[in-house]
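Every read-out reported here was derived from the displayed coordinates using simple, explicitly stated rules and does not represent laboratory data. On a predicted model such as this, the values are computed, not experimentally measured, just so you know. With ideal geometry, Cβ positions are generated from the backbone for all residues, glycine too; neighbour counts draw on all protein chains shown.
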Amino acid sequence: MMGTAASPLPARDGYRLWAPTYGEENPTTALDVAATRKLTPSLTGVAMLDAGCGTGLRLPAAGVNGPRTAIGIDLVPAMVRRGKQSDPNRRLGVADVMALPFASQLFDVVWCRLVVGYVADLAGVYRELSRVTRAGGCVIVTDFHPAAARAGLLRSFRDAQGVVHVLENHVHEREAHEDAAARGGLSLDAGLDETVGPAVRSFYEAAGMLDRYEQQAGLPLVLALRFTR
């Protein structure tokens, strides 16, 4: 019987359970893709890192017209294993965004997408993201929007048995992002609030939840920020 788990799970535990079925898009991930596309500069010839990449599904392939190097790391071994099974050519490894296993000033572009909400120490994340970014490089961070959290929306998933699990989420206001980034040596370059609207209506329709779509229309789901080092 399908049900809902009792209490929120830490990201490490939640994504271990989610790994076997992970990959289906939802309104939040779709808006993350849209925002990241808008904020990311040309990747041709750059060294890039996706910090907290999950299965590495979004990691661009290195090569002609792509990045010179593209590496993804994630905290959850099961997610990395699934990513490597899907594409053995993906350069993926297990690591924590709080302690990136790279030399300083190694990457031109760093992504950290829908990850920082799982971490209480926002300043620590930005310190590491900044450390591995070259001078003049950029860091793009997306987060579950604080307005969505305040409206009562949860970060959740359904496991292979049909049980819905809620993930722990630390609410970080935009001002907290900017302050933590500045302390890490990053300067805000651009910001976006991606909202519920026509671009994600199909997800609600497919789920038979158009009434919820009407209720949430205009609500920001994703906060996206680009910083320069």
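Quick notes
- Projecting label points 7 angstrom from Cα along Cα→Cβ for residue 69 and residue 211 puts them 5.4 nm apart.
- Note on the chain: helix-only mean residue ellipticity at 222 nm, from DSSP H runs of 4+ residues weighted -39500 (n - 2.57) and normalised by residue number, equals -8500 deg cm²/dmol.
- For the chain, fraction of C-alpha pairs farther apart than 24 Å, in %: 43 percent
- Inter-probe distance in nm under a simple model that places probes 7 Å from Cα toward Cβ, at residue 25 and residue 182: 3.6 nm
- Projected label points at residue 34 and residue 193, each 7 Å from Cα along the beta carbon direction, are separated by 1.5 nanometres.
- Taking amide H atoms as placed 1.01 Å from N in the peptide plane, the amide H of residue 111 lies under 5 Å from those of 49, 50, 51, 140, each 5 or more residues away in sequence or on another chain.
- Once backbone amide H atoms are built at 1.01 Å from N, residue 105 has 132, 133 as its partners under 5 Å, excluding neighbours fewer than 5 places away on the same chain.
- When DSSP beta bridges are restricted to pairs lying wholly in the chain, around 50% turn out antiparallel.
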